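Reviewing the structure listed below.
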């Protein structure tokens, strides 16, 4: 088998990861990076590098993200993200929030691209984020979850090749992701 840097372009995987806040996108992206050697790219990091001053503030990134989305700059955000993707590696792209994100990655990476949608009910997402001390109360979580920049995520569900119901322990999620990667490899997809 050829090394990663020598693989034909058609054999690579570019996996877009989407879902509501707290659904496990970052967990899956980091798992793909550590377990399978994927390059891990986050929309929020590209956005922070481009426009935001407060890299740690979710509310600030949401505001800037909405300014980009509402201001017609989503295509530029996608261009900047695509520039960060290494040409010969498998890639996990965390944080697709808009149909243009899907369309851009699909056009750039053709048959190499697949979209993974993570679903977790709101109560479980809040409890996870509360344990991580990202939201201390339900009102702040609900405000973030209902922010306008988050409202296009559900529309991406129809474009997803795989939907993962993420409502169990991490070992269950990792086993599902392992099966997902194995099925992509067996299908002769990238």
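Within the stretch 31-53, work out how many residues are at pLDDT below 90, assigned to a helix (DSSP H, G or I) and over 16 Å from the mean Cα position of the chain (by Cα).
Final tally of qualifying residues: 2.
Would you say residue 86 is exposed (fewer than 13 other Cβ atoms within 10 Å of the Cβ), at pLDDT 85 or above and farther than 20 Å from residue 132 by Cβ?
Details: exposed (fewer than 13 other Cβ atoms within 10 Å of the Cβ): yes; at pLDDT 85 or above: yes; farther than 20 Å from residue 132 by Cβ: yes.
The answer is yes for residue 86.
Given the criteria under 30 Å from residue 127 (Cα atoms), assigned to a loop (DSSP other than H, G, I, E, B) and at pLDDT below 80, does residue 56 qualify?
On the way: under 30 Å from residue 127 (Cα atoms): yes; assigned to a loop (DSSP other than H, G, I, E, B): yes; at pLDDT below 80: yes.
Yes: the conditions hold for residue 56.
Just a yes or no: is a residue in the stretch 133-148 under 19 Å from residue 38 (Cα atoms), outside any strand (DSSP E or B) and out of contact with any helix residue (DSSP H, G or I) (no Cβ under 7 Å at 6 or more places or on another chain)?
From the stretch 133-148, those under 19 Å from residue 38 (Cα atoms) are none; that's our starting set.
Among the residues of the stretch 133-148, not one is under 19 Å from residue 38 (Cα atoms), outside any strand (DSSP E or B) and out of contact with any helix residue (DSSP H, G or I) (no Cβ under 7 Å at 6 or more places or on another chain), which makes the answer no.
If we scan the stretch 11-25, do we find a residue that is within 18 Å of residue 110 (Cα to Cα), modelled with pLDDT under 80 and not in a loop (DSSP other than H, G, I, E, B)?
yes
On the given criteria, is residue 176 without any contact (Cβ under 8 Å) to a residue 40 or more places away in the chain, surrounded by 15 or more Cβ atoms within 10 Å (Cβ to Cβ) and either assigned to a strand (DSSP E or B) or touching a strand residue (DSSP E or B) at 6+ places or on another chain (Cβ under 9 Å) (or both)?
Values: without any contact (Cβ under 8 Å) to a residue 40 or more places away in the chain: yes; surrounded by 15 or more Cβ atoms within 10 Å (Cβ to Cβ): yes; either assigned to a strand (DSSP E or B) or touching a strand residue (DSSP E or B) at 6+ places or on another chain (Cβ under 9 Å) (or both): yes.
Yes.
Out of all the residues in the stretch 142-160, is one or more surrounded by fewer than 12 Cβ atoms within 10 Å (Cβ to Cβ) and either in contact (Cβ under 8 Å) with a residue 60 or more places away in the chain or in contact with a strand residue (DSSP E or B) (Cβ under 6 Å, 6 or more places away or on another chain) (or both)? Let's see the steps before the verdict.
So the first thing to find is which residues in the stretch 142-160 are surrounded by fewer than 12 Cβ atoms within 10 Å (Cβ to Cβ), and the list is 146, 158.
In the following step, the residues that additionally are either in contact (Cβ under 8 Å) with a residue 60 or more places away in the chain or in contact with a strand residue (DSSP E or B) (Cβ under 6 Å, 6 or more places away or on another chain) (or both) were identified as none.
Looking through the stretch 142-160, none of the residues is surrounded by fewer than 12 Cβ atoms within 10 Å (Cβ to Cβ) and either in contact (Cβ under 8 Å) with a residue 60 or more places away in the chain or in contact with a strand residue (DSSP E or B) (Cβ under 6 Å, 6 or more places away or on another chain) (or both).
The values are calculated or read from the model by the stated rules, or taken from the named source; none is laboratory data. These numbers were taken from a predicted model, which means no experiment stands behind them. Methodologically, a virtual Cβ is constructed for each residue, glycine included, from the backbone with ideal geometry; neighbour enumeration extends over all protein chains shown.
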